[in-house]
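What follows is a set of notes on a single structure, which appears directly below.
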Amino acid sequence: MPRIKKGKRGSNRSGSLHQEVLQLQLSAKVTLKGFKNGVKGESGASDDELNSDVVSHYSSASEGTSVVEEGTGGEQVDEQTAQEETEDKLKQCIDNLMDKSAKTRLAGLVSLRQAFSSRVLYDFLSERRLTISDCLERCLKKGSGEEQAAAATLFALLCIQLGGGDEAEEGVKMLRPVLTSLLIDNSASIAARQSCARALGMCCYVSAAEDGEDLVKSLALLESVFMSSYPNGEGTLPTPKPGGPGLHCAALQAWALLVTLCPPSKLTVLLDQHLPKLQACLQSNDVNYRIAVGETIALLVELGRDVDEQFEVEDSESLCHCLKSLATDGNKHRAKNDRRKQRSIFREVLHYIENEDFTEETIKFGVESVYIDSWMRRRIYDAFKEIMESGVRHHLQFNSLLRDIFGLGPPIILDTTVKGNKISRFEKHLFNSAAFKARTKLRSKVRDKRADVM
């Protein structure tokens, strides 16, 4: 996966558009006109009311309701006023992160996560990134497990919002020590450690320097977590501790995301080191961890074939036999939904290992689509979806970072004539495939730059 060029993104402000595209203006941009002095918003509302107001405002904007005054010839209501009110509420949520009450801090974290997931707020957040990072650091150090988990996830969202440039790197350097400390602390909350694993993986992915130092450190850290699930010298899987499989799953998936950034020389080492041990982990008693392991094996094989067309899995016959068993598992002691999910995933993994077949998935948003046509592309999309949940589609439409990663180009500004000029599904598929191939070539060049470090 190619790295994102350093530096600030251009401002998302635009000139006045006619009334028909007011919907897009409201959903795509949050301007800061008149708020450069960072004055604290005043609100006498309760925490629950404040959170509800912020979320309801975003929801109504997402629904695209055009607000016009009756009897004024369709004159638009002052859009700036609505934006200023929203910014005031967001400022109040940020202030809540410094409150003495744990309940108030958690409510602020939850509300900000919903806002960060559902909108692109680069201008607003770039001016307040240090304040927010400082607040999150205190939440991670002194908060409860639930608060720590929410703070780690919010920090990952902040890095995505800032676009992976120098501003995001600044925050990562500030919070990496506390995230690392929590992740390896066996006495910390499992939920908090899982969130820290995902946050470290995502933040390193969008902001890692091209010299690869942060990448090497993050890979080693995540390996130290999930390798405790590997079989011992006698080939026996260890008995998992309570919550262990969930933590191993989060660390392995974050690690797999970062593996997509590795140069060929590093990939070769990782394949030799991890593929045999991961095959043994397919016998884990936890269905979610088995699935994560299967998907990671498919990803590693795909990356190995990308580097060397003649790449073959060691003891592939044994691996395929195990995959077939999981793809047809009918054990009644497993939950029905777990069996169905497991069979579906492992059929895909088996087909890829045997025939290099991949089941393509189409993600639609607006008039555009992203085609998930490889295990690497799926791991990247799933990683963003885990952090952003349903908001990932909005960010695919308007967030320059995600659009760059998936080869979508600049955000599309639509007018009323676009519906009559939509390109065909096949044309969109060709465009996406060509863009992704170009990015793959660039990724290979960037990998070569990292090779010396690794």
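The values are calculated or read from the model by the stated rules, or taken from the named source; none is laboratory data. These numbers come from a predicted model, not from an experiment. Here Cβ is always computed from backbone atoms with ideal geometry, including for glycine, and neighbour counts include all displayed protein chains. Just the protein is used for accessible areas: all its heavy atoms, side chains included, with ligands, DNA and RNA removed. Shrake-Rupley method; radii C 1.70, N 1.55, O 1.52, S 1.80 Å.
Annotations for the structure displayed:
- Share of carbon and sulfur in the accessible area of the range 85-208 stands at 49%, probe radius 1.4 Å.
- At 1.306 mPa s and 10 °C, Stokes diffusion of the range 242-330 via Kirkwood alpha-carbon radius, µm² per second: 116
- Lys pairs under 20 Å by Cα in the range 85-208, provided they are eight or more residues apart or on distinct chains: 10
- On the basis of the beta-carbon distance and an R0 of 25 Å, Thr359 and Glu389 show a calculated FRET efficiency of 0.65.
- Computed over the range 85-208: relative contact order in percent, which uses C-alpha pairs under 8 Å that are six or more apart: 25
- Evaluated over the range 196-282, the Cα radius of gyration and Dmax, each in Å: 13.4, 40
- Surface exposure of the range 85-208, expressed per residue as accessible area with a 1.4 Å probe, stands at 32 Å².
- A probe of 1.4 angstrom, applied to the heavy atoms of all protein chains, finds Ser224 with accessible area near 70 square angstrom.
- Of the residues Phe116, Ile190, Gln148, the one whose Cα sits farthest towards the positive end of the charge dipole of the range 85-208 is Ile190 (charges of +1 on Lys and Arg Cβ, -1 on Asp and Glu Cβ, taken about the Cα centre).
- FRET efficiency for the Ile184 to Ser144 pair, using the beta carbon distance and R₀ = 22 Å, is estimated at 0.70.
- The range 85-208 - Rg over Rh from alpha carbon coordinates, Kirkwood radius: 0.94
- Rolling a 1.4 Å probe over the protein heavy atoms gives the range 237-374 an accessible area of 46 Å² per residue.
- Take every pair of alpha-carbon atoms less than 8 Å apart whose residues are at least six positions apart; their mean separation over the length of the range 224-340 yields a relative contact order of 23 percent.
- Taken one residue at a time, the phi angles of the range 252-269 give Karplus couplings (6.51, -1.76, 1.60, θ = phi - 60°) of 5, 5, 5, 4, 4, 4, 6, 4, 5, 9, 6, x, x, 4, 6, 4, 4, 5 Hz. Gly and Pro are set to x.
- R0 of 35 Å, Cβ-Cβ distance Phe311-Glu85: FRET efficiency to nearest 0.05: 0.05
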